[in-house]
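Worksheet for the structure shown next.
The values are calculated or read from the model by the stated rules, or taken from the named source; none is laboratory data. A quick note: this is a predicted structure, and the numbers were derived from the prediction, not measured. Because the Cβ atoms are built from the backbone with ideal geometry, glycine has one as well, and the counts that use them run over all protein chains shown. Surface areas here come from the heavy atoms of the whole protein model, side chains and all, with no ligands, DNA or RNA. Shrake-Rupley method; radii C 1.70, N 1.55, O 1.52, S 1.80 Å.
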Amino acid sequence: MRRPTALFPLLLPLLLAGCTATPDDKPDAGKRWQPRPGVAWQWQLSGRLDTSVDVPVYDIDGFDQSKATVTALHDKGRKVICYISTGAWEDFRPDAKKFPKSVLGKGNGWKGERWLDIRRTAVLEPLMATRLDMCRAKGFDAVEPDNMDGYQNDTGFPLRAADQLRYNRLIAKLAHDRGMAVGLKNDLDQIPALVGDFDFAVNEQCAQYGECDTLTPFIKADKAVFHVEYELPTTKFCANSRRLKLSSLQKKYELGAWRKACRGAGL
C-alpha cells in the first residue's frame, strides 16, 4: 500500500465463479476469472462492510471477511477479490506468530507492519500458500497481494529487482494453482516483465504522481486496472482514467465504505 507521505464445500464456489456470467467475464467458463478494463469496483478494507454498492467487483479483506460474506456477494452476481499482505508482516493477523523473526525487517510506515525478507521463499512460501488456501476456502475469485514492491523501499534487507520478480511470480503461481486470478499491486517499474503473470493490476495514486500511462500494458492485454486516488478529486483524474480505460475511484486512506467513482466509459 502506498504511503500517504510519498507514496480475499471448496469446489462449489469455484464452479459458481466459472459459471456465473457477468459483463466483464471472459467466454471460457472453465478458466479462472479475468476482469476486463473499465469494470466498476468497490474497495473496502476497514469498517463494517457495505454490500449495497451496486458494482460487479468487490475487493475486501481476506482475514476479516467470512465465507458467508463472499457467498452473499456471489449471490448478488459479484466477483470478490481477497486482500492479503504478502510482502509485509502484520502483528494483528492470526498467523503472525508463525513468521520467524529472521524474516522481519523494518517497519513499512503502517502501525504493526514490517517488511518481509522475500528472498526467504523456503520460509514464506508455505505461509503464503496457507493464506491463499484460506482465500480459496472462502470462495474468493481472485487475490490482491499487497506490499509487492519491497525492493524499492528501505526494508532492512538488500533486496534486488530480481528478488522481487521471483517472489511476485511465486505469489501469482500460488494463486493460479488454486484457481484464482491475481493482481499486481503497484510495482510499476516491473509491469512490462510481470503483465503476463498477473490477471489485473491494482494501483494507488498513479494520477497524483503522473504514472498512469505505465499501466497501459495491462489495458492492452485486456486486463483491468483497479485504481484509486486519495488526495486528488475526481475532477483531476477521471478524464484521463476514461481515456486509459482504468477502473478509477476516489477513496480515503482508511479504505472504508466511502467511495466516489469516475463516471462514463464503463466506470
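Checking the conditions here, which among VAL70, VAL80 is touching a His at 6+ places or on another chain (Cβ under 9 Å) and under 20 Å from ARG136 (Cα atoms)?
On the way: VAL70 fails: touching a His at 6+ places or on another chain (Cβ under 9 Å).
Just one listed residue meets the conditions, VAL80.
Return the residues of region 212-244 that are more than 22 Å from ALA193 (Cβ to Cβ), buried (at least 17 other Cβ atoms within 10 Å of the Cβ) and among the basic types (Lys, Arg); say none if nothing qualifies.
ARG242
Sort through THR130, THR155 and tell me the only one that's in a loop (DSSP other than H, G, I, E, B), of a type in the set (Ser, Thr, Tyr) and at pLDDT 95 or above.
Working: THR130 fails: in a loop (DSSP other than H, G, I, E, B).
Going through THR130, THR155 in turn, just one is in a loop (DSSP other than H, G, I, E, B), of a type in the set (Ser, Thr, Tyr) and at pLDDT 95 or above: THR155.
State all residues of region 192-211 that are in contact with a helix residue (DSSP H, G or I) (Cβ under 8 Å, 6 or more places away or on another chain), under 14 Å from GLN34 (Cβ atoms) and surrounded by fewer than 22 Cβ atoms within 10 Å (Cβ to Cβ); if no residue qualifies, say none. Before you say what the answer is, go through the steps one by one.
If we filter region 192-211 for residues that are in contact with a helix residue (DSSP H, G or I) (Cβ under 8 Å, 6 or more places away or on another chain), which is where we start, we get 192-195, 197-198, 200-201, 203, 206-207, 211.
So of that shortlist, the ones also under 14 Å from GLN34 (Cβ atoms) come out as 195, 197-198, 200-201.
Selection gives VAL195, ASP197.
Out of the residues in region 57-80 meeting the condition of being closer than 18 Å to SER247 by Cβ and part of a strand (DSSP E or B), tell me which one is nearest to the chain's Cα centre (by Cα). Outline the logic, then answer.
Taking region 57-80 first, the residues closer than 18 Å to SER247 by Cβ are 57-60, 73, 77-80.
Next cut, part of a strand (DSSP E or B) only: 57-60, 79-80.
Numbers: VAL57: 12, TYR58: 11, ASP59: 7, ILE60: 9, LYS79: 13, VAL80: 11 Å.
That would be ASP59.
If you take the residues in region 115-140 that are of a type in the set (Asp, Glu) and open to solvent by 50 Å² or more (accessible area, probe 1.4 Å), which one is nearest to the chain's Cα centre (by Cα)? Steps first, answer last, please.
Step one: list which residues in region 115-140 are of a type in the set (Asp, Glu), which gives 117, 125, 133.
The next check asks that each one be open to solvent by 50 Å² or more (accessible area, probe 1.4 Å); those that pass are 125, 133.
Values: GLU125: 18, ASP133: 16 Å.
Ranking the qualifying residues of region 115-140, first place goes to ASP133.
Could you list, in sequence order, the residues of region 209-267 that are β-branched (Val, Ile, Thr) and under 18 Å from the mean Cα position of the chain (by Cα)? Explain how you work it out, then say what you get.
First, the residues of region 209-267 that are β-branched (Val, Ile, Thr): 214, 216, 219, 225, 228, 234-235.
Answer for region 209-267, where residues must be β-branched (Val, Ile, Thr) and under 18 Å from the mean Cα position of the chain (by Cα): THR214, THR216, ILE219, VAL225, VAL228.
If you scan region 141-191, which residues turn out to be aromatic (Phe, Trp, Tyr) and open to solvent by 10 Å² or more (accessible area, probe 1.4 Å)? Walk me through how you get there before you give the answer.
Pass one, region 141-191, residues aromatic (Phe, Trp, Tyr): 151, 157, 167.
TYR151, PHE157, listed by residue number.
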